[in-house]
Amino acid sequence: MLYLLVALIHGLATNPNFQWGLIGHNLFDGFVLKGAVRTLMLTFLSMLVGVALGTILAIMRMSPVPIVSGAAWVYIWFFRGTPVYVQLLFWGSIAALTGQHVAVQIPLTGIVLFHTSPTQLVPLLLAAVLGLGLNEGAYMAEIVRAGILSVGEGQVEAASSLGMRRLQTLRLIVLPQAMRVIIPPTGNETIGMLKTTSLVSAALAYDELLQSVTLVYQVTYQIIPWLLIASIWYLVMTSVLTLGQFYLERHFARGATRSLPPTPLQRLRALFVRNLTMFHARQATESPTRTRREWP
Amino acid sequence: MSAGEPALGRPMVLAEGVRKSFGRVEVLRGIDMQVMPREVVVIIGPSGSGKSTFLRCINHLEKINAGRLWVDGELVGYRQRGGKLHELKENEVARKRSEIGMVFQSFNLFPHMTAIENVMVGPVQVKGESKAEARGRAQGLLDRVGLGDRGDAHPAQLSGGQQQRVAIARALAMQPKLMLFDEPTSALDPELVGEVLDAMRGLAAEGMTMIVVTHEIGFAREVGDALVFMDGGVIVEAGNPREIIANPQHERTKQFLSKVL
Ligand SMILES: Nc1ncnc2c1ncn2[C@@H]1O[C@H](COP(=O)(O)OP(=O)(O)OP(=O)(O)O)[C@@H](O)[C@H]1O
Ligand SMILES: [Mg+2]
């Protein structure tokens, strides 16, 4: 079993197809790094749009006004019901359209409201962020709504009895407590988003990480090593995000539990200290671990 | 205590034929009650008799279906103009609620805030008080309920009795003219009941107008100006607490008292 594993790793490490030398050499190439930064930026901006939109949609869905909650429901229905790739292609084609000469005029007056020149490159980034963010908003809406519902009714009543209004209660009392429920799935969404941004390379040809390496291997045909380079960076970025998620969750666990979970660092230290004390304990074997209480 | 001293001749709470239904179930079936300023009225009654619902109607957490309900001379939730009733807007309802303190069976402290932040949040966010001013008053209120040194604790770090005392301080921070207590000691271990009742006793002694739903008959006898026994959404018997407890007139009151005494 172990032999197989070793053989596999050995095979991977020595297989010329992977060209580890090439990977090591190009891992920190300028355009690779630039692609990684763009992927991060795309993830961050799209999640920003998604979280903001999701929060608004969640609040709208819980509105007592039927038109407001209905509108949110239709939005979520549409964006969750269509593939994000199709949505990206859609935004891409709009971007391409506006890349040509477009002018918006008020009919019959000849006054030009809005005008783009053919040379003006409609920012692909904007199209990508819109495509990813508007889609994400539909998912975040459900996550935020679940968070809001997780906060007990007594909290809302206590806030109301102090004279807080609905939105004040949401902002000051409900949402901070809902965070405990909202953060973990949002972390997952962020990590998912980081990977979903790779769809943008195909749909919009915006050169984020995957598109950057694609541009290279389309020329050199060294597909596997360049895809491995991209994968290594995706792994690094998701790992960093996972760590960030841990600290955020810990921050919002305040008040809900009496003691906070240890950080990875604290865990390491505890492991070290425990082993040390076990070592000492083993040396002092003579001392009894427990004494029985004597009853008269 | 309260901002505008209420006129002594006018009832703080006046209920006339108050009815409330949830769906087809009528929970309050014509409640008449009068609470004068500085009075302590204790409501007792079996589970499901509508005690909580009536308290919640008083600060408009529930809308009544029929009858009339006034607090300090103003209709709850409505404005009367030319013989017609107009429903109040959200911020008007909120402003009126801010003048009525409420203490819940399950405390309902805000768990993400410290004790002193719980007491400050109302004055700062609703009344627009400065943080420094609100903190000073909050500290004074925590001192008063015997928790001056626990201001930085989160609710989860406090005992039930301490949490309920913070909740009382939080309600008092709004300088209410009326305090509603919904079984404030029912969720507490027996040895913690006393500290909460003591805080309420002190409040009554200072002249706060209070409506208290409780099963603590001793408190009713000692502090109450009036005792109201509710059953099945109606008031069965009301009057001097000492007389009712010693000599209940109705069979249902007798039965209930024999169970809780
Ligand atoms: N929001 C609601 N929707 C439907 N029914 C309700 C609602 N609130 C209360 N009820 C019903 O109204 C009745 C009276 O409830 P209420 O809470 O006022 O009783 P209570 O006298 O306070 O009882 P307890 O001593 O158990 O607190 C109960 O039968 C309850 O099930
Ligand atoms: Mg009740």
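The values are calculated or read from the model by the stated rules, or taken from the named source; none is laboratory data. As the structure is a computational prediction, the values presented were derived from the model and not from experiment. When we count neighbours, we look across all protein chains shown, and the Cβ atoms used for this are built from the backbone with ideal geometry, even at glycine. These accessible areas exclude ligands, DNA and RNA; they are computed on the full protein's heavy atoms, side chains included. Shrake-Rupley method; radii C 1.70, N 1.55, O 1.52, S 1.80 Å.
Couplings 3J(HN,Hα) for segment B:20-28, derived from phi with the Karplus relation 6.51 cos²θ - 1.76 cosθ + 1.60 (θ = phi - 60°), are 8, 10, 10, x, 9, 8, 8, 8, 10 Hz, where x marks Gly and Pro. For the pair A and B, the buried accessible area comes to roughly 2000 Å² in total, with a 1.4 Å probe and the value rounded to the nearest 100. The residue list B:194, B:207, B:245 was ranked by how far each Cα lies along the charge dipole of segment B:164-247 toward its positive end, using unit charges on Cβ atoms, and B:207 comes out on top. Database remark: amide H of residue B:38 closer than 5 angstrom to the amide H of B:209 (H placed geometrically; neighbours at sequence offset of 5 or more, or on other chains; Pro and chain starts carry no H). When the other protein chains are added to the chain by itself, burial of at least 10 square angstrom of heavy-atom accessible area (probe 1.4 Å, ligands and nucleic acids ignored) affects these residues of segment B:121-147: B:121, B:122, B:125, B:126. One Cα centroid belongs to segment B:53-117, the other to segment A:146-212; the line between them spans 31 Å.
The residues of segment A:137-243 present an accessible area of 42 Å² per residue when probed at 1.4 Å with all protein chains retained. Rounded to the nearest whole Hz, the Karplus-based 3J(HN,Hα) values (6.51 cos²θ - 1.76 cosθ + 1.60, θ = phi - 60°) of segment A:210-220 follow the sequence 5, 4, 4, 6, 4, 4, 6, 6, 5, 8, 8, with x at glycine and proline. The amide H of residue B:103, built 1.01 Å from its N in the peptide plane, has B:180, B:181, B:182 as neighbours under 5 Å, considering only residues 5 or more places off or on other chains. Shown for segment B:85-99: residues covered by the partner protein chains by 40 Å² or more of accessible area relative to the chain by itself (probe radius 1.4 Å), namely B:90, B:94, B:97. Panel note: contact residues of segment A:119-168 (accessible area lowered by at least 10 Å² against the chain on its own; 1.4 Å probe) correspond to A:154, A:155, A:157, A:158, A:160, A:161, A:162, A:163, A:164, A:165, A:166, A:168.
Per-atom-type breakdown for segment B:130-261 gives carbon and sulfur 46% of the accessible area (1.4 Å probe, protein chains only). For labels at residue A:44 and residue B:34 in the simple 7 Å Cα→Cβ model, what's the distance in nm? Distance between label points: 6.9 nm. Taking a point 7 Å from the Cα of residue B:90 along the Cα-to-Cβ direction, the residues of segment A:164-199 with backbone N closer than 18 Å to it are A:164-176.
Think of it as helices only: each DSSP H run of n ≥ 4 in the protein assembly as shown is worth -39500 (n - 2.57), and spread over all residues that comes to -18000 deg cm²/dmol at 222 nm. Heavy atoms of the protein chains alone define the surface here; on that basis chain B has 43 Å² accessible area per residue at 1.4 Å probe size. Annotation: peptides A:133-140, B:241-248, ranked by per-residue average of other Cβ atoms within 10 Å with the highest first, follow the order A:133-140, B:241-248. Gyration tensor analysis over the Cα atoms of segment B:160-258 returns equivalent ellipsoid semi-axes of 25, 15, 12 Å (largest first, whole Å). Quick check: the distance between the Cα centres of segment A:128-145 and segment B:136-157, to the nearest angstrom? First find each Cα centre; the distance between them is then 42 Å.
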